[in-house]
Amino acid sequence: MSLPIRARRALAGLVLLAAAACTSGPSLENQGEVTAPPGDSKELTIGSAGFTESDLLAQMYALLLERAGYSTDIISVTNREIYEPALESGQIDLVPEYAATFADWLNAKANGADAAPVGSPDLATTMKALRALAAPRGLTVLDPGRAVDQNAFAVAASYAKKHDLKTLSDLGRANLPVRLAAGDECVQRPYCAPGLQKTYGIDIVAVDPKGVGTTQAKQAVQNGQDQMVLTTTTDATLDEFGLVLLADDKKLQNADYVVPAVNRARAGSDGVRDALGRLNTVLTTADLASMNEQVDSWRRLPEDVARTYLESKKLIPKG
């Protein structure tokens, strides 16, 4: 039995992506198409980074583009080292990204791993740097909307109440010893333990390597083994663990607003820009958190959650 055309395209794309893993993408010297007019392929492959939020964004992009007359496939590729070169080469046409993180990724790729970060808490500054780095690689970064998925720090609600904590500055002033549940890279990352100590004066006595926002990390804070956990602003499961976010009142975290990154030669048209731009006026951080919860806690399918959301905002007709 033969596969449907959409399935064949998706499988072919996966083979191409596997080959891309062995390369670093097209060299800047060979990208003559960068200055060519934006392309408008009617068959587009959307990449997802394989986690819930990326899956949801990819599904919303697909539904909006299909509404605008495009045919779409979605391919899940969990490794940026693979999907970013594939985006440059046109094996993937567009992917949901995060402004500051993607800017720093492209900066390190262009200028070396030790290059000074270009992402910042200021969105305009971050977008300017990101677009300057993306353009020579044949990429266009569309406008950000209202939704932002930044690193965030949570403590037990009982702990916050006991010590009158609402912000990270409050925690610094409290002079409390803090074990932080996070990824092991937190020890060195400027937005994590070093930044908490330098910016807020928080006494980080240890980093417990349980991952970013994992169940184990949240449970460690819930049961008092650790005092704080690194998670994200779109984490909708905090209530289940009795946790609350502390506000990043001094803006330690960078401007990781959701942005579509597209291959200019294939998907740089006004048609793609306009279709995806419709999401910018409605999608908020709270909306993303709610949709994440529906998938992660309620076990709904990302496609169903994405469709229901877009229908509720009247961005696509009810089907």
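The values are calculated or read from the model by the stated rules, or taken from the named source; none is laboratory data. Predicted model, so just to flag it, every value in this text is computed and none were measured. No Cβ is skipped: glycine too gets one built from the backbone with ideal geometry, and neighbour counts run over all protein chains shown. Ligands, DNA and RNA are stripped out before the accessible areas are found, and what is left, the full protein with its side chains, is counted by its heavy atoms. Shrake-Rupley method; radii C 1.70, N 1.55, O 1.52, S 1.80 Å.
Which residue, chosen from ILE202, THR125, THR308, occupies the Cα position most advanced towards the positive end of the dipole of the chain, where the dipole is computed from +1 (Lys, Arg) and -1 (Asp, Glu) charges on Cβ about the Cα centre?
So the residue we want is THR308.
Considering only DSSP beta bridges where both residues belong to the chain, give the percentage that are antiparallel (nearest 5).
Antiparallel bridges: around 50 percent, rounded to the nearest 5.
Whole-Hz ³J(HN,Hα) for each residue in the stretch 210-219, computed from phi via Karplus 6.51 cos²θ - 1.76 cosθ + 1.60 with θ = phi - 60°, x for glycine and proline: what do you get?
Coupling constants for the stretch 210-219: 9, x, 8, x, 6, 4, 4, 5, 5, 5 Hz.
If the elastic network links every pair of Cα atoms under 10 Å, which of SER269, SER158, SER54 fluctuates the most in the Gaussian network model of the chain?
In the Gaussian network model the winner is SER158.
Given a cut-off of under 8 Å on Cα pairs at least six residues apart, what relative contact order in percent is computed for the stretch 99-173?
Once normalised by length, the contact order is 23 percent.
For LYS161 and ARG67, what is the calculated FRET efficiency with R₀ set at 51 Å and r taken between the beta-carbons, to the nearest 0.05?
0.65
Identify which of ALA174, ALA275, ALA62 has the largest mean-square fluctuation in a Gaussian network model of the chain, with springs joining Cα atoms closer than 10 Å.
The residue with the greatest mean-square fluctuation here is ALA174.
Under a Cβ-only charge scheme (Lys and Arg +1, Asp and Glu -1), can you give me the dipole magnitude of the stretch 255-319 about the Cα centre, in debye to the nearest 20?
With Lys and Arg at +1 and Asp and Glu at -1, about 260 debye.
Using the Karplus curve 6.51 cos²θ - 1.76 cosθ + 1.60 with θ = phi - 60°, what ³J(HN,Hα) values do you get for each residue of the stretch 164-171, in whole Hz, with x for Gly and Pro?
6, 10, 10, 10, 5, 4, 4, 5
Roughly what angle does helix 52-67 make with the longest principal axis of the chain, taking Cα atoms, 0 to 90 degrees, to the nearest 10?
The helix 52-67 is inclined about 30 degrees to the chain.
How many angstrom separate the Cα center of the stretch 79-120 from the Cα center of the stretch 130-165?
16
Compute the helix-to-body angle for 99-111: its Cα long axis versus the longest principal axis of the chain, expressed 0 to 90° and rounded to tens.
Once rounded, the angle reads 70 degrees.
Whose amide H sits under 5 Å from the amide H of THR45, counting only residues 5 or more places off or on another chain, with H placed in the peptide plane?
It is ASP73, ASP93, LEU94, by chain and number.
Taking only protein heavy atoms into account and a 1.4 Å probe, give the accessible area per residue of the chain in Å².
46
Under 5 Å between amide hydrogens, which residues at least 5 positions from THR232 or on another chain qualify, with H placed 1.01 Å from N in the peptide plane?
Distant-sequence amide H within range of THR232: ALA152.
Cross-link list LYS128/LYS250; LYS162/LYS250; LYS42/LYS314; LYS109/LYS250; LYS166/LYS313: which exceed 25 angstrom alpha carbon to alpha carbon?
The pairs that break the limit, which is 25 Å between Cα atoms, are LYS109/LYS250; LYS166/LYS313.
Cα axis of helix 80-89 to longest principal axis of the chain: angle in degrees, 0 to 90, nearest 10?
Computed tilt is about 30 degrees.
Given a 1.4 angstrom probe, I'd like the percentage of the accessible area of the stretch 34-173 that is carbon and sulfur, rounded to a whole number.
Percent of accessible area from carbon and sulfur atoms in the stretch 34-173: 52.
Assign unit charges at the C-beta atoms only (+1 for Lys and Arg, -1 for Asp and Glu), then state the dipole size of the chain relative to its Cα centre in Debye, rounded to the nearest 20.
380
Relative contact order for the chain: what is it in percent, counting Cα pairs under 8 Å that are at least 6 residues apart?
25
How large is the Kirkwood hydrodynamic radius of the chain, counting all unique pairs of alpha carbons, in Å?
20.7
Based on a Kirkwood Rh over C-alpha pairs, give the Stokes-Einstein translational diffusion coefficient of the stretch 81-128 at 10 °C and viscosity 1.306 mPa s in µm²/s.
The diffusion coefficient I find is 138 µm²/s.
What are the aspartates and glutamates whose alpha-carbon lies under 13 Å from the alpha-carbon of LYS251, with same-chain residues fewer than 8 places away excluded?
ASP122
Size of the dipole of the stretch 60-157 about the Cα centre, Lys and Arg at +1 and Asp and Glu at -1 on the beta carbon, nothing else charged, in debye to 20?
It works out to roughly 200 debye.
Which of ALA154, ALA68, ALA306 ends up with the largest GNM mean-square fluctuation for the chain, with Cα atoms connected below 10 Å?
ALA68
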